[in-house]
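Visitor: I am attaching a structure below and will ask some questions about it afterwards.
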Amino acid sequence: MRVISAGAASPKSLFILHSFLSYRVIYRLDGFRNITVSLYAGIISLLLLLGYLIFRYIANRSFYKRLEQPLPGESLTGESSAESSHTPLAEALHQLLRTQFRQYTTDLHNYKHKIEGHLQFINQWAHQMKTPISVIHLILQDDDDPRFAAIGDELDRLKKGLDLVLYTARLDTFEHDFYVENLPLERIVRGVTSEQKRLFIRRRIYPSIRMESGLTVATDEKWLSFVLTQLLTNAVRYTLEEQGRLYFDGYAREGKVVLEIRDEGIGIPPSDLPRVFDPYFTGENGRRFRESTGMGLFLVKQICDKLGHAFEIESKVDEGTTVRLIFEGTGSHNSH
């Protein structure tokens, strides 16, 4: 814009100079005495001003309209409509916007590339860490030493932490990593509880599974298993009394299938309940139990939303928490 101003006088400057000179010439020709002539000169200056304003409006009309209703996709990339103004101001501003937009898209592409590379690294790292964990588990199974049992418990916690990292990284690319099919709900629940049997034994909490026969759900088994694992882990973690129970109830309701998970834990304070789905929110219970990351229920809610499953939660302090997964598009299956 500075180059244009230095190279040529602006129309506004030329108009002011022309108006001033014409006013002085008329007065000099009249001898600076007649008031009528001064009024005449003023009217001429006013007409020149109006003419200039009309010309400027016509010349910049499309430019002003584009400023009122900007089209980021077109205006900034230079692909705007043919009625764009060709005045120096409009062209200079348009060139500036195009330059800034190109810089913005370049930076955005670079950041996106870095994030994708970071997520790919996290996925590879999590998978690589699972292999030595599985090997250590196999080694520990051949010895009854109580110390090895404690190591096995810590390995289970480490594996859950890696799964949390892995699924968090995959959440943004969820649409590329899921497969929906009709599955028996009881089979999924029993599979998850079987995988977590060490956790139940260690905490002396027993799962109680009660399912209506023939319940199937349209879902992705891998993602739903992760959701159930998170809910199960939370329920066991916040159940302080031994010999407690964790209830899994499956039933049909109004043409939908409901999976209800109820624990006998410490419950969630009413003030924390509306915020349990916020990322990294641990609340009052999280300050008492240092293992809490504040990401479990956040991921559960995000995954359920993406799978199309409704999610409900109820809780009373010192009485326990109940969560419900509500599945759409369900049917029945024949047990063998």
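Visitor: Which of the chymotrypsin sites (Phe, Trp or Tyr not before Pro) found in region 209-318 are loop residues per DSSP with 11 or fewer other Cβ atoms within 10 Å of their Cβ?
Guide: Passing sites in region 209-318 are Y280.
Visitor: In what order, largest first, do R275, R170 sit by accessible area if the probe radius is 1.4 Å?
Guide: Putting R275, R170 in descending order of accessible area: R275, R170.
Visitor: OK, next. Please tell me which of these pairs span more than 29 angstrom C-alpha to C-alpha: K114/K197; K112/K301; K130/K316; K159/K306; K256/K306; K114/K159?
Guide: K114/K197; K130/K316
Visitor: Continuing with this model, one more query. Leaving out ligands, DNA and RNA but keeping every protein chain, what accessible area does H118 have, in Å² rounded to the nearest 10, with a 1.4 Å probe?
Guide: Near enough 110 Å² of accessible area.
Visitor: Hey, could you pull the Cα Rg and Dmax for region 109-172, both in Å?
Guide: Radius of gyration, then largest Cα-Cα span, for region 109-172: 15.7, 54 Å.
Visitor: Here is a further query. Quick check: net charge around F281, other residues with Cβ under 12 Å of its Cβ, Lys/Arg +1 and Asp/Glu -1?
Guide: Charge balance near F281 sits at 0.
Visitor: Quick one: accessible surface of V135, probe radius 1.4 Å, all protein chains present, in square angstrom to the nearest 10.
Guide: Using a 1.4 Å probe on the heavy atoms, I get roughly 70 Å².
Visitor: Name the long-range amide H neighbours of V317: under 5 Å, sequence gap of 5 or more, or other chain; modelled H, no Pro or chain starts.
Guide: Sorted by chain and number, the residues that satisfy this are I268.
Visitor: Which value, in Å² and to the nearest 10, is the accessible area of T106 when all protein chains are kept and the probe is 1.4 Å?
Guide: My reading of the accessible area for T106 is about 70 Å².
Visitor: What residue among A150, L166, H113 has its Cα farthest toward the positive end of the dipole of region 109-172, where the charges are +1 on Lys, Arg and -1 on Asp, Glu, each on the Cβ?
Guide: H113
Visitor: Another question about this same structure. Taking N as the number of residues in region 181-328, what is its Cα Rg relative to 2.2 N^0.38 Å?
Guide: In units of the 2.2 N^0.38 Å rule of thumb, it is 0.99.
Visitor: If I take every Cα pair under 8 Å that is 6 or more residues apart in region 181-328, average their sequence separation and divide by the length, what percent do I get for the relative contact order?
Guide: It rounds to 24 percent for region 181-328.
Visitor: Could I ask something else about it? Considering only protein heavy atoms and a 1.4 Å probe, what is the carbon-and-sulfur percentage of the accessible area of region 109-172?
Guide: 61
The values are calculated or read from the model by the stated rules, or taken from the named source; none is laboratory data. Just so you know, these numbers come straight off a predicted model, no measurement behind them. Note that each Cβ is placed from the backbone with ideal geometry, even for glycine, and that neighbours are counted across all protein chains shown. Only protein heavy atoms, including side chains, enter the accessible area calculation; ligands, DNA and RNA are left aside. Shrake-Rupley method; radii C 1.70, N 1.55, O 1.52, S 1.80 Å.
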